[in-house]
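Structure, as structure tokens:
The values are calculated or read from the model by the stated rules, or taken from the named source; none is laboratory data. Values in this document were obtained by computation on a predicted structure and should not be read as measured data. Note that each Cβ is placed from the backbone with ideal geometry, even for glycine, and that neighbours are counted across all protein chains shown. Please note that ligands, DNA and RNA were not included when accessible areas were found on the heavy atoms of the full protein model with its side chains. Shrake-Rupley method; radii C 1.70, N 1.55, O 1.52, S 1.80 Å.
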Amino acid sequence: MNSRIFLSPPHMNGTEINYINEAFQTNWIAPFGPNLVGFEKEMCEYIGAKNSVALSSGTGAMHMALKYLGVGSGDTVFCSDFTFSGSCNPVAYLGAKLVFIDSNRETLNMDPNALKAAFEKYKALGIVPKAVIVVDLYGNSADYDKILPLCEEYGVPVIEDAAEALGSEYNGKKCGTFGKIGILSFNGNKIITTSGGGMAISDDEEAIKKIHFWSNQSKENVNYYLHNELGYNYRMSNICAGIGRGQLKTLDERLAVRKRNYDFYKTAFADLPVTMAPATPGCKSNYWLSVLTIDAGCPVTPDDIISTLESDNIESRRAWNPMHNQPIFNGSDFITCENGESVGDNIFRRGVCMPSGTSMTEADLERVSKVFHSAF
Ligand SMILES: *Cc1c(COP(=O)(O)O)cnc(C)c1O
């Protein structure tokens, strides 16, 4: 059997272990410690944000960001429909109602026209959402030139879910910095990993201080245990942060390899009835995952491709299944500007995420291409 090619496996550069060794030698296993402080500072410098707090997951970061914006029971939150459930599960943790907004064909991200329709529909009902969660999908940024003025017009803060878009830029500015609060993920398959972790970033110092406090069990600064507010155990460990510091060192090199993967697939599949996912105008993507759609009229399905690749020990995946399809979110509203099939449903039906890891060799890519062709 050929060696396995994974979708997007962790890729260590060798420096991570030095930070871990240092933590062991100084016994900064816990609590907190210099790697945590260093990782937060270095990430701020990389992204161009003023404040950050490293947490145990991106989902936890989203939870804390929503809480900071005052989202609570009975409130309404708008969220990109075509995404991973980590974007919106925390809205449900807080007892708020989700309204899912369809994607735009040109960006696959939140459709500004559908967002506008949602604001108008809810305004007529006398409801202003507490927050809008905008996702930068697969590393491609949302269309912020259109989305931000709309949210401003209605006075609603944006949380940017940049879990998949670390290193991506929109109009020369790094993703994660477009909302009131940005969230990142360092889960195992993301562009960099801490073996599991996340971060909240913001230029608002108060927001990050508050999230820092809540995520450390809301321990008041006194010499006994005093809790005036509900606490959470969401902090990242100093060991995990050490992995993150090492990973950051080669992030830009990894972005170049992700782009190489995308460009390779684009050229190699030019003879097939498939189309690589588009990029938002003004966006320099991190190309986290190379995603393509099978052209309308072609009888080959994503499952055909995935099982063909699997037969040669190559991992690929379906595109995200839109949130309005999830049984758990059955009662949620969904806003689309399409008359028939929504954009998210259309991409889900036709989309495949190709192996996109940065340790793939040219020979690996050639192997993937050969097997991929055999599915047609
Ligand atoms: C991965 C991901 C998350 C959740 O991050 P975790 O660190 O896995 O909790 C949230 N949103 C999107 C879009 C993601 O891809």
Thr361 vs. criteria crowded, with 16+ Cβ neighbours inside 10 Å and either farther than 28 Å from Lys146 by Cβ or in contact with a Phe, Trp or Tyr (Cβ under 8 Å, 6 or more places away or on another chain) (or both): no
Region 1-26 residues that are under 30 Å from Leu309 (Cα atoms), paired with ones that are surrounded by fewer than 16 Cβ atoms within 10 Å (Cβ to Cβ) (beta carbon under 6 Å, 6 or more apart): Met1/Asn313; Asn2/Asn313; Arg4/Asn313; Pro10/Gly188; His11/Ser359
Answer from Asn233, Asn171, Asn228, Asn187 - the residue that is at pLDDT 95 or above, surrounded by fewer than 24 Cβ atoms within 10 Å (Cβ to Cβ) and closer than 20 Å to Lys50 by Cβ: Asn171
Any chance Glu206 is within 24 Å of Gly58 (Cα to Cα), away from the ligand (no atom under 16 Å from the Cβ) and without any contact (Cβ under 8 Å) to a residue 12 or more places away in the chain: yes
Ser185 being touching a Cys at 6+ places or on another chain (Cβ under 7 Å) and of a type in the set (S, T, N, Q): no
Condition broken by Gly197, with the remaining ones in (1) within 12 Å of the ligand (Cβ to nearest atom); (2) closer than 19 Å to Ser359 by Cα; (3) surrounded by 17 or more Cβ atoms within 10 Å (Cβ to Cβ) satisfied: (2)
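Which of the residues that make up region 136-165 are within 11 Å of the ligand (Cβ to nearest atom), closer than 12 Å to Trp288 by Cβ and either surrounded by fewer than 24 Cβ atoms within 10 Å (Cβ to Cβ) or not small (Gly, Ala, Ser) (or both)?
Of everything in region 136-165, those that are within 11 Å of the ligand (Cβ to nearest atom), closer than 12 Å to Trp288 by Cβ and either surrounded by fewer than 24 Cβ atoms within 10 Å (Cβ to Cβ) or not small (Gly, Ala, Ser) (or both) turn out to be Asp136, Leu137, Tyr138, Glu164.
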Hits in region 272-297 - residues which are modelled with pLDDT of 95 or more and among the polar types (S, T, N, Q): Thr275, Ser285, Asn286, Ser290, Thr293
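Ser73 - would you say it is farther than 28 Å from Val343 by Cα, within 16 Å of the ligand (Cβ to nearest atom) and not in a helix (DSSP H, G or I)?
No; evaluated as a whole, the condition is false for this residue.
Return yes or no: is Val53 among the β-branched types (Val, Ile, Thr), in contact (Cβ under 8 Å) with a residue 40 or more places away in the chain, closer than 16 Å to Pro157 by Cα and away from the ligand (no atom under 12 Å from the Cβ)? Lay out the reasoning, then the answer.
On the way: among the β-branched types (Val, Ile, Thr): yes; in contact (Cβ under 8 Å) with a residue 40 or more places away in the chain: yes; closer than 16 Å to Pro157 by Cα: no; away from the ligand (no atom under 12 Å from the Cβ): yes.
Considered against the rule, which asks whether it is among the β-branched types (Val, Ile, Thr), in contact (Cβ under 8 Å) with a residue 40 or more places away in the chain, closer than 16 Å to Pro157 by Cα and away from the ligand (no atom under 12 Å from the Cβ), Val53 comes out as no.
Yes/no per residue for (1) surrounded by fewer than 16 Cβ atoms within 10 Å (Cβ to Cβ); (2) under 24 Å from Ile47 (Cβ atoms):
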| residue | (1), (2) |
| --- | --- |
| Val274 | no, no |
| Gly282 | yes, yes |
| Ile294 | no, no |
| Cys298 | yes, no |
| Thr301 | yes, no |
| Asp304 | yes, no |
| Thr308 | no, no |
| Ser311 | yes, no |
| Glu315 | no, no |
Test: residue in region 40-49 that is free of Cβ contacts under 8 Å to residues at least 60 places away in the same chain, away from the ligand (no atom under 12 Å from the Cβ) and either hydrophobic (A, V, I, L, M, F, W, C) or out of contact with any Cys (no Cβ under 9 Å at 6 or more places or on another chain) (or both): yes
Test: residue in region 56-68 that is away from the ligand (no atom under 16 Å from the Cβ) and crowded, with 21+ Cβ neighbours inside 10 Å: yes
Residue that is farthest from the chain's Cα centre (by Cα) [pool: residues in region 83-135 that are open to solvent by 10 Å² or more (accessible area, probe 1.4 Å), without any contact (Cβ under 8 Å) to a residue 60 or more places away in the chain and within 15 Å of the ligand (Cβ to nearest atom)]: Tyr93
